[in-house]
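Engineer: Below is a structure I'd like to ask you about.
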Amino acid sequence: MMRESRGALKVGSLRGIPIRVHYSLLLVLPLLAYLFGGAFRRAAEVAEVPPEQLMGSPMLWGLGVAVGLFASVFVHELAHTFYALARGGQVRSITLMMVGGVSELSEAPPRPRDEALMALVGPLTSLALAGLFGLATWGVEGTTSFNLQFACFYLASLNLFLGLFNLLPAFPMDGGRILRAVLSGRMGPVRATRVASLVGRGFAVLFALWGVVSFNPFLFVIAFFIFMGAEGESRQVRMKALLERVSVSELMSPRGAGVEAGALLEQALWDLRRERQTALPVTEDGRPVGLVDVEAVRAVSEADRIHRLTREVMRPVQVVRLDEDGWRAVRQLAENSAQLLAVVDVDGRLVGTLDVDDVQRGMMLLQTREERAERDARRWRQERPA
């Protein structure tokens with residue numbers, strides 16, 4: 001899966017890529033430890049290891065297995081990351097979550113073939129780890145290293161499950177991404193994503209039904225995340241296809257002036273109220289140099305607002321060109337968690353602003369325009385002479 005989630009704690013970085021642990025993982029870790037601990041004796045029997053010869057309690061083994069599972073997920077995500085970087089992609093972060101891991105791509109490899117291979121290397125890495133730990137289990141079999149044998153057996157089993165599970169064509173898992181990449185050459189990315197998303201939601205329903213039959217609540221969690229992930233990915237690809245065809249100039253709110261950097265804060269607050277905005281670009285000679293918002297101005301006492309200048313409380317502003325495509329601008333908004341973008345012309349002068357409301361309004365207009373064009377095309381096909 002390749003989409004980032006909020007609410008994550010950064011625990012390190014690799015080649016400049018942040019590695020995060022989502023809070024949901026911290027919540028589910030004790031549950032997994034309990035489930036794995038409950039299956040301790042049965043797993044030992046399958047591994048042909050006498051349970052009484054193993055050191056530690058079942059709960060301690062369960063916690064160790066749960067940590068081993070997410071370590072395996074991390075290696076799985078690293079495989080995606082290294083392949084994406086090798087093929088010209090850009091990876092923004094790696095996040096471990098309660099139902100697996102996500103590698104968020106700032107820039108995906110350009111060819112569908114590379115997307116398919118990028119999705120495939122994760123499961124293949126998990127299956128390779130399963131093979132290595134399986135060989136290690138076989139290698140220590142017959143010795144007195146029962147703890148090592150049991151640990152290798154469990155890690156082999158987890159990686160085998162992880163690899164095979166991710167190969168299911170259930171979008172947004174790796175198998176679903178492979179399916180989309182295969183279909184993209186014939187259908188285009190939007191229709192291919194729609195088909196892969198439908199398949200993914202079908203698998204989500206099957207997992208939910210399986211959860212009912214087996215009384216397994218964890219299957220409901222997996223079904224929910226698959227269903228929501230498939231739906232969200234479909235919307236994102238649809239948005240990308242629409243916004244790549246329009247420029248920022250078609251989405252922005254025209255704005256020839258912001259708040260002057262040398263203006264008093266009292267004047268800045270007046271300008272924000274007059275424009276009915278919570279934030280505005282700060283300009284010098286018509287060029288954006290920062291951003292000021294209502295909270296920053298109100299943090300200064302009323303008595304000081306008639307003495308202090310806007311440049312003293314402004315913060316950095318994100319700038320986008322007038323002729324850039326809408327999708328790049330939306331990515332810039334999201335990746336920088338920006339309130340708005342300052343839109344500039346070829347000379348760097350402010351000509352407008354772009355925020356989430358502008359994008360939503362533009363999306364509605366674009367979808368209406370596309371639906372009207374589809375209706376007109378169908379009517380023409382029906383009415384044209386034989």
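The values are calculated or read from the model by the stated rules, or taken from the named source; none is laboratory data. It should be emphasised that the depicted structure is a prediction, and the values quoted were computed from it without experimental measurement. For neighbour counting, all protein chains shown are included, and Cβ atoms are generated from backbone atoms with ideal geometry for every residue, glycine included. Just so you know, the surface numbers come from the protein's heavy atoms only, side chains and all, with ligands and any DNA or RNA stripped out. Shrake-Rupley method; radii C 1.70, N 1.55, O 1.52, S 1.80 Å.
Engineer: So which residues in the stretch 337-359 are open to solvent by 80 Å² or more (accessible area, probe 1.4 Å) and either assigned to a loop (DSSP other than H, G, I, E, B) or hydroxyl-bearing (Ser, Thr, Tyr) (or both), if there are any at all?
Structural biologist: Answer for the stretch 337-359, where residues must be open to solvent by 80 Å² or more (accessible area, probe 1.4 Å) and either assigned to a loop (DSSP other than H, G, I, E, B) or hydroxyl-bearing (Ser, Thr, Tyr) (or both): SER337, VAL346, ASP347, ARG349.
Engineer: I'd like the full set of residues that are of a type outside the set (Val, Ile, Thr) and in contact (Cβ under 8 Å) with a residue 40 or more places away in the chain, limited to the stretch 313-336. Quick ask: steps written out before the conclusion?
Structural biologist: Kept after step one, since they are of a type outside the set (Val, Ile, Thr), are these residues of the stretch 313-336: 314-316, 318, 321-329, 331-336.
MET314, ARG321, LEU322, ASP323, GLU324, ASP325, GLY326, TRP327, ALA329, ARG331, GLU335 - these are the residues of the stretch 313-336 that are of a type outside the set (Val, Ile, Thr) and in contact (Cβ under 8 Å) with a residue 40 or more places away in the chain.
Engineer: Are there any pairs, at least 6 apart or on different chains, whose C-beta atoms fall under 9 Å, with the first in the stretch 82-96 and closer than 19 Å to PRO18 by Cβ and open to solvent by less than 50 Å² (accessible area, probe 1.4 Å) and the second of a type in the set (Ser, Thr, Tyr) and outside any strand (DSSP E or B), and if so, which?
Structural biologist: Filtered contacts from the stretch 82-96: GLY89/THR81; GLY89/TYR83; VAL91/THR81; ILE94/THR81; THR95/SER5.
Matching residues to (1) closer than 29 Å to PHE224 by Cα; (2) hydroxyl-bearing (Ser, Thr, Tyr); (3) under 19 Å from the mean Cα position of the chain (by Cα):
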position: GLY101; (1), (2), (3): yes, no, yes
position: PHE146; (1), (2), (3): no, no, no
position: ASN159; (1), (2), (3): yes, no, no
position: PHE165; (1), (2), (3): yes, no, no
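Engineer: Only one residue in VAL102, VAL121, VAL67, VAL75 is closer than 20 Å to LEU179 by Cα, at pLDDT 80 or above and aliphatic (A, V, I, L, M), so which one is that? I'd like the intermediate steps shown before the answer.
Structural biologist: On the way: VAL102 fails: at pLDDT 80 or above; VAL67 fails: closer than 20 Å to LEU179 by Cα; VAL75 fails: closer than 20 Å to LEU179 by Cα.
Going through VAL102, VAL121, VAL67, VAL75 in turn, just one is closer than 20 Å to LEU179 by Cα, at pLDDT 80 or above and aliphatic (A, V, I, L, M): VAL121.
Engineer: Of the conditions (1) among the charged types (D, E, K, R); (2) open to solvent by 80 Å² or more (accessible area, probe 1.4 Å); (3) over 19 Å from GLN149 (Cβ atoms), ARG20 clears all except one; give me its number.
Structural biologist: In the conditions (1) among the charged types (D, E, K, R); (2) open to solvent by 80 Å² or more (accessible area, probe 1.4 Å); (3) over 19 Å from GLN149 (Cβ atoms), ARG20 misses (2) alone.
Engineer: Looking at (1) polar (S, T, N, Q); (2) within 26 Å of ALA8 (Cα to Cα); (3) without any contact (Cβ under 8 Å) to a residue 40 or more places away in the chain, which one does SER126 not meet, given that it meets all the others?
Structural biologist: Failed condition: (3).
Engineer: Sticking with this one: Looking at the stretch 267-304 only, could you name the residues that are surrounded by fewer than 16 Cβ atoms within 10 Å (Cβ to Cβ), over 18 Å from VAL343 (Cα atoms) and charged (D, E, K, R)?
Structural biologist: ARG273, ARG274, ARG276, GLU295, ARG298, GLU302, ASP304
Engineer: Could you please tell me which pairs satisfy a Cβ distance under 9 Å, a separation of 6+ or placement on different chains, a first residue in the stretch 55-79 that is more than 19 Å from ASN166 (Cα to Cα), and a second residue that is charged (D, E, K, R)?
Structural biologist: Note: pairs meeting the criteria are PRO58/ARG41.
Engineer: Which of the residues belonging to the stretch 305-333 are of a type in the set (D, E, K, R) and open to solvent by 70 Å² or more (accessible area, probe 1.4 Å)?
Structural biologist: Residues of the stretch 305-333 that are of a type in the set (D, E, K, R), as a first pass: 305, 308, 311-312, 315, 321, 323-325, 328, 331.
Hits for the stretch 305-333 are ARG308, ARG311, GLU312, ARG315, ARG321, ASP323, ARG328.
Engineer: Here is a further query. Could you please tell me which pairs satisfy a Cβ distance under 7 Å, a separation of 6+ or placement on different chains, a first residue in the stretch 168-197 that is in contact (Cβ under 8 Å) with a residue 40 or more places away in the chain, and a second residue that is of a type in the set (S, T, N, Q)?
Structural biologist: PHE171/SER197; MET173/ASN166; ASP174/ASN166; GLY175/ASN166; ARG180/THR193; THR193/SER234; ARG194/SER234
Engineer: Could you please find all residues in the stretch 270-292 being farther than 23 Å from VAL356 by Cβ, over 36 Å from the mean Cα position of the chain (by Cα) and not in a loop (DSSP other than H, G, I, E, B)?
Structural biologist: Across the stretch 270-292, the qualifying residues are TRP270, GLU284.
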